[in-house]
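Single-structure report; data block below.
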Amino acid sequence: MTDAALLDPEAGSIEQTKKTMSKAPRATAESMAARQRDISVSEFFAKNRHLLGFDNPRKALLTTVKEAVDNSLDACEEAGILPDITVIIEDLQPDRGREAKQSRYRVSVVDNGPGIVRKQVENIFGRLLYGSKFHRLKMSRGQQGIGISAAGMYGLITTGKPMVIHTKPKANQPAHHIELAMNTKTNRAEVTEDSETKDFPPERFLNLTSGTRELGAKGEFLSQDVYVTGTSVSIELEGRYQKGRGSVDEFLELTAIANPHARITFVPPSKVSEEEEDVPLLKRGKPTAASIEAGDSQGEAPKPVQPEVTTETGGVILHPRAVEELPPETKEIMPHPRGIELGILLQMLKEAEIEKPGYTLYNFLQDKFSRVSSASAGQFCEKIGKTSRTKVADIDHATAEKLFKELQDSKLPPPPTDCLAPIGVQQLLKGMFKGVRAEFYAASSREAAVYRGRPFLIESAIAFGGELPGDEPARVIRFANRVPLLFQQSACSSFRAVSETNWRNYDLQQPRGAVPVGALVIMLHMASVWVPFTSESKEAIADYDEIRKEMKLALMECGRKLGSYLNKRLKMRREAERRDIFERYIGEIAKACGEITGEDAKPLYEALLKQARKRTAVADLKLDEEGRKLEDPADQEGVIVVEQAANLANLASPAASAAKAAAEVDARVKKLEDDEQPGLLKDSSDKKAAKPKGASSPAKAGKDQKSSKQVETVPAKKASTSKNEPAPAAKPAKPKMRLNPKTGKLERVDEPGLF
Amino acid sequence: MAKKTTPPSKSSAKLKERDARTLGKIVNLAETVSSKTIAGREPKIDIPTRAKSNTNWNKKRGILEMGDATSERPLFDLKTAKQFMQTLLHASTIKDLIAAEKTSSLRGVFYKAKHTVAGTKENTFDAQDESDPILEDLEVTLGALREELHIFAENRGSMVGNITITDKGDDIDCRRMGSGGYALPSIVEPDVIQFKKCEAKFVLHVEKGTVWNRFNEDRFWEKNNCILTHGAGQPPRGCRRLLQRLNQELKLPIICVLDCDPWGHYIYSVIKQGSISLAFESSRLAIPEARFLGIRSKDFEACELDDAVKIDLTENDIKRANEIAAYPWFAENKQWQKEIAGLLKNGFKMEVEAMITKDISYVTEEYVPQRLKDKDWLD
């Protein structure tokens, strides 16, 4: 066992397991001692792989992708690079029998991150519990440093094939090509291939399918302009590719939602396992993985695609980048005195003595904890009967316990919150908009709060209506530090928060004690330096009152916005009905008047129609039932409303629908103040400015009504790159659309500086 | 519905002039709506209000009169939009009737204007009870009476007695009407009906046909030298107008025999002072001199009636009785306050038929003659 593992509180469970394992019945202490020996962590893992998410072939495939993607995102962000990640799953046994439950796959994840210096490659990929993230209190995706090497080990165990790594840390130098297999006994990697290559990103990937060829030709797939540095990891493993809940597809979809700054490309295998689950993902009604053979997009009718939403080309799924800003960089913090446990305190005291012999308690408290001032450090020393000159080495167990109690009872300010990076309301909206096809989106981001001395922050978003199924329980999607949580939903604090929120207040149906029913996707995100998971597999957030309360407040904020929107929608419907009634009678009235006076009825008809339009627009918008001025829900913060004119046209009279048929499908995007993002962002945006923008959200637009509006803003270069399509809509920023209450149409609002 | 056809071109110059005036009013209505709308103003029709709030009690004349209040009927209001359309549809229908010199029944007009609104499944009118009030609205709006609009109602009510009348040129001897009597038409204006010869000294008006049959079978009108009418419950305009003409032109007293219940009292009130919904026609319809002979609340004891005749007052009856007692034209009448109080004190109603329990002809041979002799009536 490494030192790191021994110091690791998480490793406690490993230690325990070791004892139970080595317990042999009916043996003497001597015979037992003869058999007792060190177990390598790798060996331990090989036997207990379920603890880390490799319990079955399907989950193993997912976990492999997940660990690699998490690492890539963390690396890119830390280096200040907008992540561009390509996930490729190749089926290595496409000719297997139909009855085969699993197959051999090669999972490759390529990123445009900073790359890895040669000498660290073995450590990062070949050792368990080796990483930069465990030893600090900093918000990041991975925490233990088990992930990618565990995946590599799983691959090795199931297929005997080494991990293949291409990494390019410098733009103008060749990439390293390394193949390594892990020695489970020594917890060290054995390198089987080590060479330099110019093949990065590996060209082989471009010729995998018609989709990759097509996108590659357009420079939209693994372009060398984008992947100037980066890392590519390939792992062969026994797995099972199957769509539905808990699938790679779902994981990537959700990751794209919570990481709108990332561009994620996914090339799924050509063959899907039998007994496909029929659980719909978020993009309902739009199959995301048609077989590659059918993916000849030339003959296909282009489906209406909006920019910035997930698209599919020849079987390749592209989650485009929705925001061009990296999340703010987070600071590392020291633990807050109220957030530690006695064991950790003892450990810290011990480490402090090793780190700096003669360390005083007074200095130790100030240096190793957040929010401990010199004054409060002095008070702590005094309270336990010591002085400011007492050395940490002189603190015995009893005194430490006393100190621990004092720390717990202290009235210190809450920990600093600049260690947290919210996704941000605007980014949440864009993420949801790209991944979920709905008609209404709302998001909220709470202020930071504290549980057990650890700062955390809750964000929520909801999507409503559109293509979402209306008669099913709402879909709850959960995230912790931007990582989707796919399993153990009902054990999760966020799921409880959703169930406990009273959605009936917002005109939604909700069975008692359950999630609401309706065309709804509810997203909850917890950002924290230490997310309290219920187990090592990191699948559910533990149920702390403070956390659940914040979650409920975030949900209520979104709920209120939705309620307001639903109210407005109802008003619009009523308005349409009212207009309908008037317009129905107008023809009769004009005719009757014409017959009486003997004059042409047409001028009267037109005058009546004009008045009807005017009046129905004014009457309902001015006041609601209580006579209050109605608030336009789209005027609220943190809301996107997409309205299909066709919805309204259904309700309108024949006379009115003629006009409405001409109305276009449009989106209105609410202005959001940029002060969502604190100043931290500034320096990273400078760096970003230097990055090539070539990969920014390409999207095809076929008969999409929207494109006609946008064509004016599309750069000529883009227009020429898309073939066979009437009008491309590839502008990164959508124009702001506003629902005109008078005409029921959507209009473009020229307001600069929205996104 | 049998349609009554007008006699061929018998209309006098006077009638033509009247029709031309009505037509002018209708065209004016449509033109106002049209020009206002085209000028960008709100399309609406001002309709004199036919409600209690706009009904004034003219104490001096002893009749109800309609006030000056009008209510707007705007098109752009969900409550009135359909009525607005219906008003103009009926205006158009009536214009056609007048132009063709035809008349039509209320039901006929309803059918003529009833059709499906273009492009929908909705009917312009769903039932006749939606159509009839619209026609009354038009009467008050245009200031034209029903006959001026060429509309008539069903015949309702009957008459027998010592009188001969001329109806559209035909002499009708009301002494020789058999068991059915002369059916009262809805339009009984002097240009349609003239009184030719009358020996009767008064008119006895009873509430409904069954009672009227009793009196007719017993030849009451012959024995008491009177005219006998009924209005099938609440008397229609034709019946009331004829009673008023008999009262005013022939100076015949009108004596009513109605049930002893709030409904009977209200019928008397309508005959005497006019109704709220037709207050605009009170001067043509109301008979301030009409008298209420019975049945009286005291009659249960006075006539020693059997318990079986009692019909308990419902809550609604009590409410209605109190309302009637509060009408200004009853409020100042001590006799009537006493009568209504008596009814409420009794706690039961009595129909005219109650007298039959004494004897089949008790009411015609004893009750009414005795009361007439005693002049025991309410005024």
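Values in this text are rule-based calculations from the coordinates and carry no lab data. Because the structure is a prediction, the values reported are computed rather than measured. Note: ideal-geometry Cβ built from the backbone for every residue, glycine included; neighbour counts use all protein chains shown.
Observations, loosely collected:
- For B:Tyr268, net neighbour charge (Lys/Arg +1, Asp/Glu -1) across residues whose Cβ lies under 13 Å away: -2
- Neighbouring Cβ atoms from other chains, within 10 Å of the Cβ of residues in B:38-48, number 2 on average.
- In Hz, Karplus ³J(HN,Hα) per residue of the range A:538-545 (6.51, -1.76, 1.60; θ = phi - 60°; x = Gly, Pro): 6, 10, 9, 8, 5, 8, 8, 4
- Sorting A:161-167, A:365-371 by their mean Cβ neighbour count within 10 Å, with the most densely packed peptide first, gives A:161-167, A:365-371.
- Theoretical FRET efficiency, 1/(1+(r/R0)^6), r = Cβ-Cβ of A:Lys383 and A:Asp55, R0 45 Å, to 0.05: 0.40
- Radius 11 Å from Cβ of B:Lys298, net charge of other residues (Lys, Arg +1; Asp, Glu -1): -1
- Links that overshoot a 31 Å alpha carbon limit, given the list B:Lys52/B:Lys197; A:Lys59/A:Lys561; B:Lys112/B:Lys168; B:Lys201/B:Lys358: B:Lys52/B:Lys197; A:Lys59/A:Lys561
- Take B:99-110, B:67-78, A:58-69 and order them by the average number of nearby Cβ atoms within 10 Å per residue, most first; the result is A:58-69, B:99-110, B:67-78.
- Estimated FRET transfer efficiency when R0 is 41 angstrom, pair A:Arg213-A:Asn183 (beta carbons, to 0.05): 0.55
- Interchain or long-range residues, amide H under 5 Å from A:Ala540's placed H: A:Thr534, A:Ser535
- Full-stretch length increase - A:Ala171, A:Leu206 - with 0.36 nm per residue and alpha-carbon distance subtracted: 10.6 nm
- Shielding by partners for peptide B:93-102, expressed as the average number of C-beta atoms from other protein chains within 10 Å of each residue's C-beta, is 1.
- Two-site label geometry, B:Ala302 and A:Ala27: point separation in nm, points 7 Å out along Cα→Cβ: 12.3
- Here's how it looks for A:Asp84: its modeled amide H is under 5 Å from those of A:Asn112, A:Arg263, which are all 5 or more places away or on a different chain.
- Difference of contour (0.36 nm per residue) and Cα-Cα distance, B:Lys52 to B:Asn333: 99.2 nm
- Report note on the peptides B:167-174, B:322-329, B:226-233: ranked by the mean count of other C-beta atoms within 10 Å, highest first, their order is B:226-233, B:322-329, B:167-174.
- Global form of the range A:337-409, assessed from the alpha-carbon gyration tensor, a/c cut-off 1.5: rounded
- Each of A:Leu524, B:Leu242 was scored by other Cβ atoms within 10 Å of its Cβ. Arranged with the fewest first, they read B:Leu242, A:Leu524.
- Legend: distances between Cα atoms for A:Lys119/A:Lys331; B:Lys36/B:Lys272; B:Lys208/B:Lys251; pairs beyond 30 Å are B:Lys36/B:Lys272.
- Förster radius 30 Å - calculated FRET efficiency between B:Asn123 and B:Asn322, Cβ distance, rounded to 0.05: 0.15
- Formal net charge of residues neighbouring A:Phe487 (Cβ-Cβ distance under 14 Å; K, R +1; D, E -1): +2
- Other protein chain Cβ atoms within 10 Å, averaged over every residue that makes up A:576-589: 6
- Here chain B is assigned +1 on the Cβ of each Lys and Arg and -1 on the Cβ of each Asp and Glu. Its dipole about the Cα centre then comes out at about 1100 debye.
- Counted over the range B:199-374, the DSSP beta bridges are approximately 20% antiparallel.
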